[in-house]
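Structure, as structure tokens:
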Amino acid sequence: MNLLAVIVTMLTAVQGDAVQIQVPGEPDLVGVDAVWNDHRIPFVQTDAGWFTVVGVDLAMAPGEHSAELSFTYSDGRTRRRVETINVQSREFPTTRLTVEPKYVELSAENQARATREREEIDTVYATLTPDAFWREPFRVPIPGTTGGRNFGNRRVFNDQPRAPHSGADLKAVTGTEIHAANRGRVVLAKNLFYSGNAVFIDHGLGVYTVYLHLSEILVEPGSIVERGHVVGLAGATGRVTGPHLHWGARIVDARVDPFSLLKLGN
Ligand SMILES: [Zn+2]
């Protein structure tokens with residue numbers, strides 16, 4: 001009763017979405033993984049079956065993209081299935097911002113610092129923890145917040161174009177408690193040139209959330225935080241126009257809208 005045909009199913013997403021892929025449990029099934037955007041992403045087994053999460057980068061070309069799923073059975077047998085994700089485009093407006101000149105015309109020292117920190121962050125994101133630390137839904141870091149502004153916006157700082165906004169900005173006065181969106185491991189908790197006081201959490205499966213511009217950091221790198229744990233206090237450190245929380249999410253190399261994590265079911 002082994003189906004040899006490749007079953008193709010279709011999921012729909014917009015640029016910047018986190019997409020959960022779920023497959024049912026089967027007897028003797030010992031492993032599932034997906035190849036998405038040239039990365040091999042493992043699935044995690046739960047009572048409900050197997051799941052993983054992939055990210056649609058905010059700049060991914062609209063159209064059909066496929067994830068190739070591989071199933072491995074205890075007798076060594078394997079099976080493949082193609083999951084197609086139909087990516088739709090999303091409108092990203094341009095915002096013009098005025099910040100302290102030192103964040104736009106960098107001194108040699110600040111340029112070297114920013115480059116070093118970029119490499120440090122890239123190294124963090126290059127680590128794919130092959131398990132999920134979380135089992136509950138993701139939540140907003142500030143209770144009661146229903147939306148954020150400007151995810152994916154093209155940005156011009158002091159009349160100079162810069163990278164698109166890779167997170168959502170949440171209204172917050174200085175001192176507002178910032179809660180971990182889900183269970184995970186703190187992988188970075190320090191002051192960064194652009195991000196100010198920053199906390200990065202690895203949730204596993206390549207899913208990261210970040211909390212930037214904090215007035216205070218209240219966690220240590222390496223520690224496991226539970227969903228809702230206070231990781232810091234909102235502030236206005238780094239390249240900002242005023243106090244707020246920049247909440248970002250990343251899935252392997254995809255910059256995703258953190259609010260799309262809230263829709264993941266499991
Ligand atoms: Zn921001």
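The values are calculated or read from the model by the stated rules, or taken from the named source; none is laboratory data. What you see is a predicted model; the values in this text were computed from it and never measured. Cβ atoms come from the backbone with ideal geometry, glycine included; neighbour counts cover every protein chain shown. Ligands, DNA and RNA are excluded from the accessible area calculation, which covers all protein heavy atoms including side chains. Shrake-Rupley method; radii C 1.70, N 1.55, O 1.52, S 1.80 Å.
Let me check against my output: what whole-number percent is the relative contact order of the chain, with C-alpha pairs under 8 Å and at least 6 apart? Let's see the in-between values first.
Values: 671 pairs, mean separation 54.7, N = 266.
Contact order relative to length: 21 percent.
Considering only protein heavy atoms and a 1.4 Å probe, what is the carbon-and-sulfur percentage of the accessible area of the chain?
On the way: 6350 of 12540 Å².
Of the solvent-accessible surface of the chain, carbon and sulfur hold 51 percent.
Pull up all non-local amide H partners of Met60: gap of 5 or more, or a different chain, and H-to-H distance under 5 Å with H placed in the peptide plane.
For Met60, whose amide H was placed from the backbone, the distant partners under 5 Å are Gly16.
Hey, what's region 122-221 come to in accessible area per residue, 1.4 Å probe, Å²?
Computed with neighbouring chains in place, this is 41 Å² per residue.
Along the charge dipole of the chain, pointing to its positive end and built from +1/-1 on Cβ of Lys, Arg, Asp and Glu, which listed residue (Ile41, Val199, Gly25) has its Cα farthest out?
Val199
Between the helical axis of 108-125 and the dominant principal axis of the chain, each derived from Cα atoms, what acute angle in degrees is found, rounded to the nearest 10?
Helix 108-125 and the main axis of the chain meet at about 20 degrees.
Quick one: which residues, 5+ away or cross-chain, put their amide H under 5 Å from the amide H of Ser223? H built at 1.01 Å from N.
Val186
Going through region 78-139, which GluC sites (Glu not before Pro) have at most 14 other Cβ atoms within 10 Å and a DSSP loop state? Don't skip to the end; give the middle numbers.
Details: sites: Glu83, Glu91, Glu105, Glu109, Glu117, Glu119, Glu120; in loops: Glu91, Glu105.
Answer by residue number: Glu91, Glu105.
Using θ = phi - 60° and the Karplus relation 6.51 cos²θ - 1.76 cosθ + 1.60, list the HN-Hα couplings for region 26-35 in order, rounded to whole Hz, with x at every Gly or Pro.
Values per residue, Gly and Pro as x: 9, x, 6, 7, 10, x, 9, 9, 10, 9 Hz.
Tell me the net charge near Arg155. Cut-off is 14 Å between Cβ atoms, Arg155 excluded, with +1 for each Lys or Arg and -1 for each Asp or Glu.
Values: positive: Arg96, Arg149, Arg154, Arg162, Arg239, Arg255; negative: Asp159, Asp169.
Once all neighbours under 14 Å are counted, the net charge is +4.
Which Cα, out of Ser70, Thr127, Ala168, lies furthest along the positive dipole direction of the chain (beta carbon charges, K/R +1, D/E -1)?
Of the options given, the answer is Ala168.
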